[in-house]
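Reading through the structure tokens given below for one structure.
The values are calculated or read from the model by the stated rules, or taken from the named source; none is laboratory data. Remember, predicted model here, so these are calculated numbers, not experimental data. Backbone-built Cβ (ideal geometry, glycine too); neighbour counts: all protein chains shown. Keep in mind that these areas ignore ligands, DNA and RNA; they rest on the heavy atoms of the full protein, side chains included. Shrake-Rupley method; radii C 1.70, N 1.55, O 1.52, S 1.80 Å.
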Amino acid sequence: MKTSGLSFDDIPPLDIPLRFHITAPVFGLLAALFLFWEGPEAWMSRWTIGSLGATHLLTLGFMAMVMIGSLFQLVPVLSGQAIPAMRWVAPWVHVMLTAGVIVLTVALVRPDTVTFTVALALLGFAFAAFIPPLVWRLVRIRGASDAIFTIRLAAISLLMTVGMGIFLSVGRGWPDLGIAFRSWTDVHVLWALFGWVPLLVMGVSYQVMPMFHVAPAFDSRLARGIPLSVFVSLLLLSHARSDYLVAPIVTVLCGALMAYSATALRVLAKRHRKRADPMIGFWRTALISLALAAVSLWFAMATPVRLPFLRESGAPLLIGILMVFGFACSMIIGMLQKIVPFLIFLHLQRRALGNPDAMSQIPTTNEVITDRDAHWQLRIHLIACAGILAALVWPAFARPAALLLAADFGWLFRNLISAAGEYRRRSQAIGPAPNLMESGA
Ligand code: HEM
């Protein structure tokens, strides 16, 4: 594993990222349950309560949950300094985000002012506690790497996403205010699915592809030029209203996303570690989904052409499914199979430092989540992807697709719980950590 340029001195205690990682699949299961309950109705349009409810159980409950937990872990490793006050900020962010997503889903399904007020209070607190210390740490890093440069843009995109989300919620929760919020929903979606998500994945990939797969580094001009093009396009798109302006800007945005997908696939193909790693399958699924989503978005926003095999209301759902499940969930489910065993190995290694007898107790990462279990995760995930796309074309397939989604998140939850169990067993066998080593903020 290539860890040059990374610092593991100031990493958080294991429970900080792990609480987010283990909570996330539960929200995936809730989204599957919700889609099973709603049935074919949820696939008829992006505006159905089934679609809106499931969207935030997945995007906030699963994706944002893992991405926030991972940022508490990744920023100290990339910058050598932890996010300020991490030990008490992280548990609060976790509790408020968990409760906030549940209440927001209820508010989107049964809109009323009280529920929206509680949802906004909880989510507002979660993001107000997380974003400022994150941005404070990111702006103070000297000689920022391509990864940090890109994560800065992702953090600003999250701020735009949350700000727009709160605005939309006020519009829905207080209808008497007469806010024409619906005309801004696409701006919220663009910053969320084409800003925050892909920019964070880009920044993380610049580090983990060379680290886990011994792949060559990304070309620095591309590594910075692509995210910058994405970010500037989103800034312009947020205010562009005429088709003459929207079409060229969307072409730049989709071109940049496809350039990243092609570049990352090429870097992956040049990796030195060629063993049959299930993570490669997740990368390829994610990067191909990103390219397909970019093409679909270009057709939907820059041309009058309609995708032949889809009814009118299907195109936005297809773009959402490709970006949320095909790209983001593939990335996150794959990454968790790698990152969680690595963190467990790292913390057990620290615990055993200074005690040679205990060294034999440290498992390999493959003993924490085996390749067999990770390969099964990939198979289940690919079948679930196919099932969801089938439900989009044939809504009658909605409930079997929801069951496949449940199997995917259920298998992930099983893998993470057994990994946490392995950590507990091994740390008991190794004994208490030498205090000076297990540092934290
Ligand atoms: C504080 C956080 C957030 C709040 C309060 C929020 C609120 C909302 C609201 C009220 C809508 C419905 C708008 C309408 O009816 O026109 C919406 C739509 C949407 N939100 Fe969020 N959101 C938040 C974060 C996110 C995040 C982080 C993502 C993705 C990463 C996301 C993705 C979406 C999508 C894709 C839609 C459109 C659904 C559709 O068209 O089917 N949201 N959001």
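Worth a mention:
- Applying a threshold of 9 Å to beta carbon distances and a minimum spacing of six or more residues, or different chains, the list of pairs starting in segment 145-161 at a residue that is touching a residue at least 60 places away in the same chain (Cβ under 8 Å) and within 16 Å of Val77 (Cβ to Cβ) and ending at one that is open to solvent by less than 10 Å² (accessible area, probe 1.4 Å) and hydroxyl-bearing (Ser, Thr, Tyr) reads Ala147/Ser205.
- Some residue of segment 296-313 being under 30 Å from Arg425 (Cα atoms), crowded, with 16+ Cβ neighbours inside 10 Å and more than 13 Å from the ligand (Cβ to nearest atom): no
- Among residues of segment 403-426 that are open to solvent by less than 10 Å² (accessible area, probe 1.4 Å), those with a Cβ under 9 angstrom from a residue that is assigned to a helix (DSSP H, G or I) and among the charged types (D, E, K, R), sequence gap 6+ or separate chain, pair up as Asn415/Asp373.
- Single unsatisfied condition, Val246 versus (1) farther than 20 Å from Ala374 by Cβ; (2) modelled with pLDDT under 90; (3) not polar (S, T, N, Q): (2)
- Condition met for Leu78 (within 24 Å of Ser205 (Cα to Cα) and more than 10 Å from the ligand (Cβ to nearest atom)): yes
- Residue within segment 163-179 that is farther than 26 Å from Gly225 by Cβ, charged (D, E, K, R) and surrounded by 14 or more Cβ atoms within 10 Å (Cβ to Cβ) present: yes
- Residue within segment 236-249 that is more than 16 Å from the ligand (Cβ to nearest atom), within 23 Å of the chain's Cα centre (by Cα), open to solvent by 30 Å² or more (accessible area, probe 1.4 Å) and of a type in the set (Gly, Ala, Ser) present: no
Condition check ((1) outside any helix (DSSP H, G or I); (2) under 26 Å from Ala154 (Cα atoms); (3) not hydrophobic (A, V, I, L, M, F, W, C)) across all residues:
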{"residue": "Ser296", "(1), (2), (3)": "no, yes, yes"}
{"residue": "Ser330", "(1), (2), (3)": "no, yes, yes"}
{"residue": "Met335", "(1), (2), (3)": "no, yes, no"}
{"residue": "Asp373", "(1), (2), (3)": "no, no, yes"}
{"residue": "Arg379", "(1), (2), (3)": "no, no, yes"}
{"residue": "Ile383", "(1), (2), (3)": "no, no, no"}
{"residue": "Ala386", "(1), (2), (3)": "no, no, no"}
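- Condition check for Arg221 on (1) in contact with a helix residue (DSSP H, G or I) (Cβ under 7 Å, 6 or more places away or on another chain); (2) charged (D, E, K, R); (3) more than 30 Å from Ala374 (Cα to Cα): one failure, at (1).
- Some residue of segment 57-74 being buried (at least 18 other Cβ atoms within 10 Å of the Cβ), among the hydrophobic types (A, V, I, L, M, F, W, C), away from the ligand (no atom under 16 Å from the Cβ) and within 18 Å of the chain's Cα centre (by Cα): yes
- Among (1) free of Cβ contacts under 8 Å to residues at least 60 places away in the same chain; (2) not in a helix (DSSP H, G or I), the one test that Leu97 misses: (2)
Listed here are the residues, each with its yes/no results for (1) in a helix (DSSP H, G or I); (2) among the acidic types (Asp, Glu); (3) within 21 Å of Val189 (Cα to Cα); (4) within 9 Å of the ligand (Cβ to nearest atom).
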| residue | (1), (2), (3), (4) |
| --- | --- |
| Val114 | yes, no, no, no |
| Val118 | yes, no, no, no |
| Leu134 | yes, no, no, no |
| Ile141 | no, no, no, no |
| Ala144 | no, no, no, no |
| Thr150 | yes, no, yes, no |
| Ala155 | yes, no, yes, no |
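- Leu199 vs. criteria open to solvent by less than 70 Å² (accessible area, probe 1.4 Å), within 16 Å of the ligand (Cβ to nearest atom) and more than 22 Å from the chain's Cα centre (by Cα): no
- Criterion violated by Phe397 - all others in (1) hydrophobic (A, V, I, L, M, F, W, C); (2) closer than 23 Å to Met44 by Cα; (3) in contact with a Lys or Arg (Cβ under 8 Å, 6 or more places away or on another chain) satisfied: (3)
- In segment 355-371, the residues that are among the aliphatic types (A, V, I, L, M) and either over 21 Å from Ser330 (Cα atoms) or outside any helix (DSSP H, G or I) (or both): Ala358, Met359, Ile362, Ile369
- Scanning segment 205-225 finds no residues that are within 9 Å of the ligand (Cβ to nearest atom) and not polar (S, T, N, Q).
- Listed by first and then second residue, the pairs linking a residue in segment 15-38 that is closer than 13 Å to Leu60 by Cα to a residue that is among the charged types (D, E, K, R), with Cβ atoms under 8 Å apart and 6 or more places separating them unless they lie on different chains, are Gly28/Asp408.
- Checked against (1) modelled with pLDDT under 95; (2) surrounded by fewer than 16 Cβ atoms within 10 Å (Cβ to Cβ); (3) among the aliphatic types (A, V, I, L, M), Ala262 passes all but condition (1).
- Flag not set for Ala217, criterion: open to solvent by less than 20 Å² (accessible area, probe 1.4 Å), farther than 30 Å from Thr117 by Cβ and not charged (D, E, K, R).
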